[in-house]
1. Looking only at ALA39, ALA171, ALA90, which one moves most when the chain is put into a Gaussian network model with springs between Cα atoms under 10 Å?
2. Return the FRET efficiency for the residue pair THR119, THR167: r is the Cβ-Cβ distance, R0 is 22 Å, and the value is rounded to the nearest 0.05.
3. Just check the stretch 81-136 against the gyration tensor rule for me: Cα atoms, a ≥ b ≥ c as the square roots of the eigenvalues, rounded for a/c under 1.5, and otherwise prolate or oblate depending on whether a/b exceeds b/c.
4. Nearest 5 percent is fine: what portion of the DSSP beta bridges confined to the chain is antiparallel?
5. Using unit Cβ charges (K, R positive; D, E negative) and no other charged atoms, how large, in debye to the nearest 20, is the dipole of the chain about its Cα centre?
6. With the full set of protein chains in place, find how many percent of the accessible area of the chain is carbon and sulfur; take the probe as 1.4 Å.
7. So between ALA29 and ALA90, what do we pick up on full extension, going 0.36 nm a residue minus the alpha carbon distance?
8. Determine the gain in length on full extension of the stretch SER101-ARG76; use 0.36 nm per residue of separation and subtract their C-alpha separation, reporting nm with one decimal.
Amino acid sequence: LGPNGAGKSTLLSVIAGLIRPTGGSVWFAGRAASDIDAATLATAGLCRIPEGHGVFANLTVAEHLWLLACRGRDRRSVEDRAFALFPRLADRRSQLAGSLSGGEQQMLALCRALVTDPTILLIDELSMGLAPIVVADLYERVAELAGGGTTIVLVEQFVHTISELATRGIALVAGRIVLDGPVSEITPHLRAAYFATPEEPLR
């Protein structure tokens, strides 16, 4: 959690191996992930859904899913599982992703992640620009994945969006942790945290 510019998306990029940390370290499955390239991390089960939908505008819905089939998965089984998660996408199988609504693009981005059975899922601002009913549907799928044991790191500006899903909350301000603990415990302090300075930690 944190205001714009707090470093939330940068942190996810560091975890995903896209940016090397200037300090500290990231550990994944018992290994120092800071020295592992992004492609290797992805192969090991680390999946990131970037801010802004993260789809290829000139590929169809089906073609997005076929990309997963190239990694040893059966094309039909990938489609069946994806469309079972989000039946709306089945009706848009041949539609270009760039012509989908914002909510449908996020469904496709989330769908691609879920059918890969990730070990760790990094989600950046899943709710951005979407109607509350769409956000609720997307996070219902995220909750199911979390319930199955997948570790999920969510970046959100709005605590109410994930308050019932997250077990731990970390608030960042200017790249520094100012709150860390159970979401229910840090929520009352978030307003002050968002206006704190790095020299005035609240934890």
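The values are calculated or read from the model by the stated rules, or taken from the named source; none is laboratory data. From a predicted model like this one, the values you see are computed outputs, not experimental measurements. Cβ sites come from the backbone with ideal geometry, for glycine too, and all protein chains shown count toward neighbours. Protein only, heavy atoms only, side chains kept; ligands, DNA and RNA dropped before computing areas. Shrake-Rupley method; radii C 1.70, N 1.55, O 1.52, S 1.80 Å.
1. The residue that fluctuates most here is ALA39.
2. Here the calculated transfer efficiency is 0.80.
3. Oblate is the answer for the stretch 81-136, as a/c is 1.5 or above yet b/c matches or exceeds a/b.
4. Around 45 percent antiparallel, to the nearest 5.
5. Result for the chain is approximately 360 debye, rounded to the nearest 20.
6. Here it works out to 54 percent.
7. Between ALA29 and ALA90, full extension yields an extra 18.4 nm.
8. 6.5 nm
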